[in-house]
Amino acid sequence: NGAIYLGSYEGWYSVRDECYYNESELIDGKAPTGAEVTWVKKEDSYFFKLSDYQQRLLDHYERHPDFIAPDSRRNEVVAFVKGGLKDLSISRTTFDWGVSVPDDEDHVMYVWIDALTNYISALGYPNTE
């Protein structure tokens, strides 16, 4: 349905944080967490189109005010989502251990995305009845 697409990225990467950072986020040449970063040249990745869900999430929060818990974090979560959601890299090509992306053996899924699919399938997804 277009929620996952093949793209690429490059930038400052922290192995410890498993995260890319924008230049503006670096503090004295390091990640905001204090972790070392290195420049990673263009790498292909599959992305989850999280940006498409920004307005849907905000609408859901408005219709279901008790959805965010604890309530003391509601403003923080809403502000974060309003700040703009970036598409999320869900695969790597720089290692070969792990679960391969279906139909693309060059890509391995991040462990957390594989775990997420297991969690939601344990809840009965995709059976919506």
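The values are calculated or read from the model by the stated rules, or taken from the named source; none is laboratory data. These numbers come from a predicted model, not from an experiment. Note that we place each Cβ from the backbone using ideal geometry, even for glycine, and neighbour counts take in every protein chain shown. With ligands, DNA and RNA removed, areas are computed over all heavy atoms of the protein, side chains included. Shrake-Rupley method; radii C 1.70, N 1.55, O 1.52, S 1.80 Å.
Side notes on the structure shown:
- Selection from the stretch 80-98 of residues that are open to solvent by 60 Å² or more (accessible area, probe 1.4 Å), free of Cβ contacts under 8 Å to residues at least 24 places away in the same chain and either more than 15 Å from residue 55 (Cβ to Cβ) or not aromatic (Phe, Trp, Tyr) (or both): 83, 96, 97
- Residue among 49, 42 that alone is closer than 30 Å to residue 104 by Cβ, of a type in the set (Lys, Arg) and surrounded by 12 or more Cβ atoms within 10 Å (Cβ to Cβ): 49
- Among the residues making up the stretch 1-59, those that are within 15 Å of residue 88 (Cβ to Cβ), of a type in the set (A, V, I, L, M) and not in a strand (DSSP E or B) are 3, 50, 57.
- Considering residues of the stretch 1-35 that are among the aliphatic types (A, V, I, L, M) and open to solvent by less than 70 Å² (accessible area, probe 1.4 Å) only, the residue farthest from residue 50 (Cα to Cα): 35
- The stretch 82-114 - residue that is part of a helix (DSSP H, G or I) and within 23 Å of residue 56 (Cβ to Cβ) and, of those, modelled with the highest pLDDT: 82
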